[in-house]
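Chemist: Here's a structure for you.
Laboratory data are not the source of any read-out in this text; all were calculated from the coordinates shown. None of these values were measured; they are calculated from a predicted model. In this analysis, Cβ positions are derived from the backbone assuming ideal geometry, glycine residues included, and neighbour counts consider all displayed protein chains.
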């Protein structure tokens, strides 16, 4: 056998070794999933979850799904603290509100997201505007394809006050991203996508028009004006209201509530009723 044939044989050997290792890792992962599905999370996770009011209000079947998903999330995502110590409280609160959006998909756990950067407070972001003028803006969070940024003090205040939820907001963006575009239109089949776009974008255009005029806002004064930034922000803000203040959304924007209920496959009003989760 010549040297080239030996080299090819060696490459094939390495390839099969690689496949074998991948198979072993896959089997180990599947066995781990079966194991965590059978039993509740460790006590330290449950103790923190039971201090999250929203978790205590979930029906038994959804708690079981949450318990399962949150362990996957904590195992797969890397939390990085920027001038802040990453505690179990931080990780589990972020994991809970991220997983809340995906209870409809048991095994979906934001496969594109690898890193979660946590800042102690509002993040100063520099942007290059038109004509290359530097502008500093303050943000509570941000979502890119594989990374989510969260300002923890802002997130914690919002969890307590129900004025919004930056964790829900940023992970709604990640869901929007999952089809390759961040356009306010999450992954849906073609027929549902048409109806979703028709209703959501109609309300977006109405809200934007009234905000520009600055008067006669009517029911739109109840909604954070940040929703008028673009269609992607409208979807993210409305997702916040759907999960955090469903009574308001269902009463004043029933069509939006219906579309989000269909998409997220959860009736948040049924869980929370007329009360806020705070």
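Chemist: Extending each Cα 7 Å along its Cβ direction at residue 83 and residue 35, get the distance between those two points in nm, one decimal.
Modeler: If labels sit at residue 83 and residue 35, their model points lie 4.0 nm apart.
Chemist: What is the gain in length, in nm to one decimal, between residue 224 and residue 105 on full extension, counting 0.36 nm per residue of separation less the C-alpha to C-alpha distance?
Modeler: Numbers: separation 119, 0.36 × 119 = 42.84 nm, distance 2.84 nm.
Stretched fully, the residue 224-residue 105 segment lengthens by 40.0 nm.
Chemist: In deg cm²/dmol, rounded to 500, what helix-only [θ] at 222 nm does the chain give when every DSSP H run of at least 4 residues adds -39500 (n - 2.57) and the total is split over its residues?
Modeler: Values: 12 runs with 161 residues, N = 278.
My calculation for the chain gives -18500 deg cm²/dmol from helical runs alone.
Chemist: For the chain, restrict the atom set to alpha-carbon positions and state the Rg and Dmax in Å.
Modeler: 21.9, 85
Chemist: Which one, 163, 245, 202, has the greatest fluctuation when you compute a Gaussian network model over the chain with C-alpha springs under 10 angstrom?
Modeler: 202
Chemist: Show me, bin by bin at 5 Å from 0, the whole-percent P(r) of the stretch 182-278 based on Cα pairs.
Modeler: The calculated distribution, bin by bin, is 2, 14, 25, 25, 19, 11, 4, 0.
Chemist: Helix 60-76 versus the longest principal axis of the chain: what is the Cα-based angle in degrees, 0 to 90, to the nearest 10?
Modeler: Approximately 60 degrees, to the nearest ten.
Chemist: With no solvent and one equal point scatterer placed on each C-alpha of the stretch 146-235, evaluate the Debye formula and give log10 I(q)/I(0) for q = 0.10, 0.18 Å⁻¹, two decimals.
Modeler: Ignoring solvent entirely, the Cα scatterers give -0.31, -0.92.
Chemist: Can you give me the orientation-averaged projected area of the convex hull built on the Cα atoms of the stretch 32-178, in nm²? If you can, show how the numbers build up before the last one.
Modeler: Working: hull surface 38.2 nm².
Its average projected convex-hull area is 9.6 nm².
Chemist: A follow-up question, please. If you consider only alpha-carbon coordinates, what radius of gyration and Dmax does the stretch 239-278 have, in Å?
Modeler: So, for the stretch 239-278, Rg and Dmax equal 8.7, 25 Å respectively.
Chemist: Give me the distance in nm between label points sitting 7 Å out from Cα along the Cα-to-Cβ direction at residue 17 and residue 153, one decimal.
Modeler: Here the answer is 5.2 nm between the modelled labels.
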